[in-house]
Amino acid sequence: MNIINLILTDYTLQIVSLGSALLGIISGVLGSFAVIRKESLLGDAVSHSALPGIALAFLLTGTKNTEVLLLGALLSGLLSTFLINGISKYSRIKFDSALALILSVFFGGGLVLLTYIQKVPNANQAGLEKFIFGQASTVLLRDVKIIAILGTILLLLVLAFWKEFKIVSFDIDFAESLGFDTKKITFLLFAMIVTSIIIGLQTVGVILMSAMLTAPAVAARQWTDKLHIMVILSALFGAISGIGGTIVSSVVSKLPTGPMIVIIISTIVIISLALAPNRGLVWRYLRNVKNQRSIGEDQVLANLYHLYVNHDNEGHCHDLITINPDANLQQKGKENIQKQLEDLKKKGFTRSNSLDKWCITDSGIEYVENYFKEGEE
Amino acid sequence: MSPDLEIQIIAVIVAVACSLPGVFLVLRKMSMMSDAITHTILLGIVIAFFLTESLTSPLLIVGAAIMGVITVFLTEVLNNTKLVSEDSAIGIVFPLLFSIAIIIISKYAGSVHLDTDSVLLGELAYAPFDRLELFGRDIGPKAIYSMGTILIINLIFIIGFFKELKIVTFDPALATILGFMPSLIHYSLMTLVSVTAVGAFESVGSILVIAFMIGPPITAYLLTDDLKFMIILSALVGAINGVLGYQFAVYFDVSIAGSMAVMTGVVFLLVFVFAPKRGLVTMIRRRKSQRFEFAEKSLLFHVYNHEGDSDERVELGVDTIQNHVNWDKNFLNKIMKTLKEEKKVYIEDGIVKLTKEGRDFAIKSYEEIVSEF
Amino acid sequence: MKKNDYIIKVEDMTVAYSTKPVLWDIDLDIPKGVLMAIVGPNGAGKSTLIKAMLDLIKPVSGKVLFNGESYKEHRKHIGYVPQSESVDWDFPANVLDVVLMGRYGELGWFKRPGKKDKDLAIDALEKVGMKEFADRQISQLSGGQQQRIFLARALVQDADIYFMDEPFKGVDAKTEGAIVELLKELKNRGKTLIVVHHDLQTVPEYFDWVVLLNRQIVKVGPVEEVFTDENLNKTYKSTGQILKR
């Protein structure tokens, strides 16, 4: 009850939750594209690389207005990806190495600038470090408005260019052959992904931002095979973890918001990987067991069929050991085969007589013969 | 020894120790694993700290090493489900483990002498204050000995298993057949990366460890093709970055570790642009001359293909040839001029014709190209 | 054959990756309404040739004309079937989504595919025998089925000229037969088809026109005239690849 009360009355908490929710939606939507394009690590690089941009923007303008700092972050984020792509394109250095180098070098540059700012007299640098870990509690109504405006623009762009983004992400050559300007579309999409990363920095910080970009989309992917549903689900997961993380961290003292959001979204990922229908691991395990069993059943039926062919007599029934000679090795094997025969009986493929002997039925024979026919095709 | 010198010695030792396993990370295309490991070892350190309640216990290193290996393992497990691509797997595992560490630290911030800033950012400037005493005598900063030990372990591992590392890196399939157990080598290397990262993070912070692990090896990779030489060179580059970074930091009075990372980037960029064989400048110059040479051959071949044809006047006419090769007028004129000077073509009756030399050259270059593959 | 019967003219086209030449001064005239195979050894530049014709790779020199127009001007009449392994089949999309992409060029910016486009896509799926798979997730398709939906995607483009990059790769015998039927039907409706093909044995059976390519055009023309042992030897000789025929 306390919690609900808190949410209903605490103005700051409402603002911060709203900000985190918006951020979750934005990074959920754009992150979906980053994940299907296999660019999620680029998110990590961009967010780390934003730090010198933030410091430099402050150093040059002297203001700590969110929009100014974010613009700096955006520029240095874009510069870093330009460098990463340039290095991997024009040398033998692989993409991942270029990524790792640039992200840490830029981050180092950011630290250098931050320590420099500390020495500048009268510069009130306090609060710049919040971008390293993020500090949701410093989010103001003004910031939420900026997030909302940018977010609306990004989402409208996604809607407007939905078809273009989808086709360049799936099959860029085909898109080019249809006459789409794939370079411009790819750049627009990429710039939007970078923008969504930058928006999240204030709340989750540069180190954990990559999780915000990747995790909701990965979780959403497990539940659906449709891109638009994936994007919607991803936004939902992002929003849930944003709000959840903010509330938990404000209720429990000393819990930082960014890491809390990451833990919630990671939990959603784990649940999705395990339980999602069709793709989920539990689902897959059950399907394997079922397949195994039906292969086992087919085997038993095939043995019965061969016994029937050898004896050329449908009425001639057999005991378990004849049906599967291996079964007598263990009690468990015997039970198993008994169960399979019972299951087959339910399907009408076998019947048993009073002596607990088993034989194949007409429909069983038909099933086996069809089975082999299919296999030949 | 002055603190000044001590710091530089530590910087050099850290940089060299990091660059050694880094060479194999780069060659095994696992650079981003260093990003993951350097973050998650924090959780190992935190857990070990709560078990031992000491910040100096060697168990901290053990904890971190185990966590590094767990990180690699979890990423592989996630990737093996085929539900998540490799890059996403890394992007999920390390933020989660890192977040857990941050939450534990913040929760007990009051009682613990371990704050996130120092882990992430490190402070080399403090290293000389933490000294090691032997029989009551001061024998220098602790960091020199702890990092030095790690450096020696790395050296022994790389020298001792050089052959194994080489074959596992270049041809894992062959290595398996020959019985080298790639996964054992793989996990040993990852353990080494984790241990090195733990040792280094106090001085330079975990994020910048990535720069020291990846930067020098890729710089060396642009300068040499020989694995042994690449290892030596990257150790050297690492040392240079360390010293340059320190000088820069002192001059501007800024973060030492940050400056070292920046210098790593600067040195790499210089090599990337100016390297003798693989540098950008050389490459652009070479491409330009190759493009020119190639255009000459193309034009000769075009003439060769059409000489004597019924539409020779259209295909090879001085005024119409441009439409056919579809080149910029200036470029075409330049090529024509060179070819004429080299006496490979001449113009007769407004048609471009081959000299005997030109024809032989066209045939020869075609055969070269076709036999290339 | 009169000169203006050629629907595609490739003039003096040279293509290089960085500075390594892949195609060398290609002159190629393709008559309207042929079902043409591009044949040649590995590395001969077969895929490169169609990619360059489709303006996906910029040639070093030379040009391609479709009915006297550039690719850009003639684009709406050209359909393309890329190699099926060029995409990530775990992409979140179903069969209908992928086929609908063939309509995207027609739709232009901002517009979404509507009912009419869906009907066309279903028709195309029916033609390739995949109608009942419309809702199937693409990761669950076999190689042959993937190839079929790529074909369906090209069919909804309703083009006059089709480029296909190894449409028989990774395809079972039954699908191969079905694809050939479809190609022949398209040809009979007056379409021109250019197909990268690597199985020499089936060339005479499937195609009526053939290009023998080895970085350069070795020979081009009707299959019965051009597809001779002598020409094939000439095409494959420099590579040392074993001739399966």
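Values in this text are rule-based calculations from the coordinates and carry no lab data. Note that the coordinates shown come from a computational prediction; the quantities given were computed from them, not determined experimentally. Every residue, glycine as well, gets a Cβ built from its backbone with ideal geometry; the counts of neighbours run over all protein chains shown.
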Over the whole of C:133-143, what's the average partner chain Cβ count within 10 Å per residue? Rounded to a whole number, please. 1
Taking the alpha-carbon centre of each part, the distance from segment A:139-196 to segment C:211-231 in Å is 47 Å
Which value in nm describes the separation of the simple spin-label points at A:K254 and B:K329, placed 7 Å from the Cα toward the beta carbon? 7.9 nm
Shielding by partners - mean other protein chain Cβ count within 10 Å, residues of B:318-324: 2
Whole number please: convex hull volume per residue of the Cα set in segment A:7-278, in Å³? 141 Å³
Taking the Cα centroid of segment B:210-252 and of segment A:36-59, what is the distance between the two, rounded to the nearest whole Å? 24 Å
Given charges at Cβ of Lys, Arg, Asp, Glu: chain A dipole, positive-most of A:F187, A:G53, A:L18: A:G53
Could you tell me which of rounded, prolate or oblate describes the protein assembly as shown, using a ≥ b ≥ c as the square roots of the eigenvalues of the alpha-carbon gyration tensor, with rounded for a/c under 1.5 and, failing that, prolate when a/b is larger than b/c and oblate otherwise? oblate
Within 10 Å, count the other beta carbons around each residue, average over each peptide in B:237-244, C:187-194, and list them highest first. B:237-244, C:187-194
Work through the residues other than B:F98 whose Cβ is under 14 Å from its Cβ and net out their charges, Lys, Arg +1 and Asp, Glu -1. -2
In debye to the nearest 20, how big a dipole does chain C give about its Cα centre with +1 on each Lys and Arg Cβ and -1 on each Asp and Glu Cβ? 420 debye
Dipole of segment C:118-245, positive direction: furthest Cα of C:V156, C:L212, C:Q145, with charges on the beta-carbon: C:L212
What's the center-to-center distance, using Cα atoms, between segment C:18-48 and segment B:144-205 in Å? 48 Å
Helical mean residue ellipticity (222 nm; -39500 (n - 2.57) per DSSP H run of 4+; nearest 500) of the protein assembly as shown: -22000 deg cm²/dmol
Charge dipole (chain C, unit charges on Cβ, about Cα centre) - positive-most of C:A178, C:P59, C:G45: C:P59
Hey, what's the per residue convex hull volume over the C-alpha atoms of chain C, in cubic angstrom? 138 Å³
Treating only Lys and Arg (+1) and Asp and Glu (-1) as charged, each at its beta carbon, one finds that segment A:1-147 has a dipole about its Cα centre, in Debye to the nearest 20, of 340 debye
Could you sort out which of C:K9/C:K76; A:K183/B:K340; A:K166/C:K116; A:K145/A:K254; A:K89/C:K191; B:K334/B:K356 sit more than 29 Å apart by Cα distance in this structure? A:K183/B:K340; A:K89/C:K191
Within segment B:310-327: backbone nitrogen closer than 19 Å to the B:K353 label point (7 Å, Cα to C-beta): B:310-321
Can you give the average number of partner chain beta-carbon atoms within 10 Å of each beta-carbon in peptide A:164-176, as a whole number? 6
Just order A:168-179, A:136-147 by mean Cβ neighbour count inside 10 Å, highest at the front, would you? A:168-179, A:136-147
Simple spin-label estimate for B:E76 and B:I153 in nanometres, 7 Å along Cα-Cβ: 2.0 nm
Sort A:157-163, A:296-302 by packing, meaning the average of other beta carbons within 10 Å per residue, with the highest value first. A:296-302, A:157-163
Using +1 on the beta carbon of Lys and Arg, -1 on that of Asp and Glu, and nothing else charged, what's the dipole of segment B:3-278 about the Cα centre, debye to 20? 660 debye
